[in-house]
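**Student:** The structure's right below; bear with me while I get my questions together.
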Amino acid sequence: MKITFHGAAREVTGSCHRVQTGDGTVLLDCGMIQGGRERHERNREPFPFAVDRVDAVVLSHAHIDHSGRLPVLVKAGYRGPIFATEPTVKLCEILLPDSGRIQEEDARWKIKRLKKKGEAHEWVRPLYTEDDAMAALERFVPVPFDEPHDLGPIGSVSFVKAGHILGAAIVDLRLGDDAQRLTFSGDLGVEGARLMGAPQAVECPEFLLMESTYGDRSREETGDRTEILHRIIEATIDRGGKVVIPSFAVGRTQAILARINDLVESGKLSGVPVYVDSPMAAAATRVFELHPEAYSEEARRLLRLGDQPLEFPGLRITSSVEESIAINKSRTPCVIISASGMCTAGRVKHHLKHNISDPNSTVLFVGYQARGTLGRVIQSGTDPVRIFGEWYPVRARIETIEGFSAHADREELLAWFESLGGPPRRTWIVHGEEDAAESLAEALASQFGAKVDVPHKDQTFSLG
Ligand code: ZN
């Protein structure tokens, strides 16, 4: 048996690992490489393995850096099943076609630019289309949490709750006749997150693949985030302004809603209209509501007491363009949560346009803003800013609440490893920038005597 690391090796995105046994081949994740044009182009490189020799794909969770290259895999000839938890399947039904539309849009934009310059453009192709994404979705097979699913002669797979986002799983493989265990952490969640919570414990496997996004960092303690959110919303509403929260449609939006729910349910906030204005976020929120079994213990406890965390008086989830325009025309103070999370596209740009020059309003960032995005430009205090080709003076207050990340930090990663009761025979650190991965590897080796490697891209190890 052997394992080869094809992606998220000494970097964060493009998760993809291939496990070969004498009886077949399993691919763990098939994610998009993200972060700038150059990295994105790497998604076009052919897979460095025979796609038609892969017998099964197992997907840890819906995030695009884990799922986003599945349409490419299917386009390249993969005809087997893609196993994932049910919420992951439902979230992929939203995320992958959207990703296809983005690829098509990018290609159209590129063609337009080349035409303008009088250069050849016939070679431009989208990485994949919405139709390619639909074809990939046909291969998905939902598997319940905590129930071993038969993979034929290869062995079996179980999904264990990882926290992180809805449906996110730790992948537990049992391989071959002697059922050797290989566990892939996927992305691990955060203790005390309002909806998803911490990863569940698993028994120590023989072989472990572990993420390291925050392998060298601790989450900054910024105080009670719900209370900070409360203060910002209350002050803005008192001034008669609007709070615009740019947020990712899947995960972050629902995490913020759950916090606002707590403020409303505890009587700290009342009579404030809260809009979720993003068709994707609306669809994702419905998936969350359909799968409360995937929530954390605490969220399920509150649910049993009758508190739907994503439903409260004043909440309006809007999908239509007309509704979106109506929010902009209304002068009533309100909270608007809208995508995209970094203000690069989507309806949030309209809300920014209408509110950024209003001294009574607030733009509130709750997620990472990458360099070069409109979100980063606004966050860093640039004034004026350009939106849809026009310049707007920045008069609204610009606020940021840190620490809403859905990733375990260094202490939590170490605690999860310790909870295995190990160490495993071998551990590989993936899904982290080089420094983060090396730092976590060193800690695991020195604190727990673990035999740890940080694999390079396409490096193979034998599971002997
Ligand atoms: Zn993730």
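**Student:** Hey, fewest Cβ within 10 Å first, where do Leu290, Leu209, Leu195 land in order?
**Tutor:** Lowest to highest Cβ neighbour count: Leu290, Leu195, Leu209.
**Student:** As a check on your grasp of the helix formula, calculate [θ] at 222 nm for the chain: sum -39500 (n - 2.57) over DSSP H runs of n ≥ 4, divide by the residue count, round to the nearest 500.
**Tutor:** Computed ellipticity for the chain at 222 nm equals -10000 deg cm²/dmol.
**Student:** For the chain, take the longest principal axis of its alpha carbons; what is the angle in degrees between that and the long axis of helix 86-116, to the nearest 10 within 0 to 90?
**Tutor:** 70
**Student:** What order do you get for His164, His431 when you list them from fewest to most C-beta neighbours inside 10 Å?
**Tutor:** Placing the least packed residue first, the sequence is His164, His431.
**Student:** I've got another one for you. What is the dipole size for the chain, taken about its Cα centre, with +1 at each Lys and Arg Cβ and -1 at each Asp and Glu Cβ, in debye to the nearest 20?
**Tutor:** 1900
**Student:** When a/c reaches 1.5 or more, the comparison of a/b and b/c decides; with that in mind, is the range 307-464 rounded, prolate or oblate per its Cα gyration tensor?
**Tutor:** prolate
**Student:** Using only the Cα atoms of the range 225-404, construct the convex hull and provide its projected area averaged over every direction, in square nanometres to one decimal.
**Tutor:** Computing the convex hull of the Cα atoms and averaging its projections yields 9.8 nm².
**Student:** Out of the range 322-405, which GluC sites (Glu not before Pro) are coil in DSSP terms and have no more than 16 other C-beta atoms within 10 Å?
**Tutor:** Taking the range 322-405 and a limit of 16 other Cβ atoms within 10 Å, the loop GluC sites (Glu not before Pro) found are Glu402.
**Student:** Roughly how many debye, to the nearest 20, is the charge dipole of the range 49-160 about its Cα centre, given +1 on each Lys and Arg Cβ, -1 on each Asp and Glu Cβ, and no other charges?
**Tutor:** Computed charge dipole of the range 49-160: roughly 860 debye.
**Student:** So which of Lys329/Lys349; Lys90/Lys161; Lys161/Lys242; Lys117/Lys353 end up more than 25 Å apart by C-alpha?
**Tutor:** Cα-Cα > 25 Å for Lys161/Lys242; Lys117/Lys353; rest within.
**Student:** Would you mind counting up the charge near Ala284? Only other residues with Cβ under 12 Å from its Cβ, with Lys and Arg at +1 and Asp and Glu at -1.
**Tutor:** 0
**Student:** Still on this structure, I have one more. What's the longest piece of the chain with no exposed chymotrypsin sites (Phe, Trp or Tyr not before Pro), counting a site as exposed if DSSP puts it in a loop and it has at most 10 other beta carbons within 10 Å?
**Tutor:** For chymotrypsin sites (Phe, Trp or Tyr not before Pro) (loop position, at most 10 other Cβ atoms within 10 Å), the longest site-free span of the chain is 124-387.
**Student:** Can you sort Arg181, Arg331 from fewest to most other Cβ atoms within 10 Å of each residue's own Cβ?
**Tutor:** In order of increasing Cβ crowding within 10 Å: Arg331, Arg181.
**Student:** A further question on this structure: Quick one: what do you get for the chain if you divide its Cα Rg by 2.2 N^0.38 Å?
**Tutor:** Normalised Rg, Cα atoms only: 0.99.
**Student:** If you restrict to DSSP beta bridges whose two residues both lie in the chain, what percentage is antiparallel, to the nearest 5?
**Tutor:** Antiparallel: roughly 45 percent of the beta bridges in the chain.
**Student:** Another question, then. Determine the dipole magnitude for the range 9-86: charges of +1 sit on the beta-carbon of Lys and Arg, -1 on that of Asp and Glu, nothing else is charged, the reference point is the Cα centre, and the result goes in debye to the nearest 20.
**Tutor:** Dipole size: approximately 240 debye.
Coordinate-derived values only; no laboratory data. Everything quoted here is computed from the prediction, not taken from an experiment. All Cβ positions, even for glycine, are placed from backbone atoms using ideal geometry, and neighbour counts span all protein chains on display.
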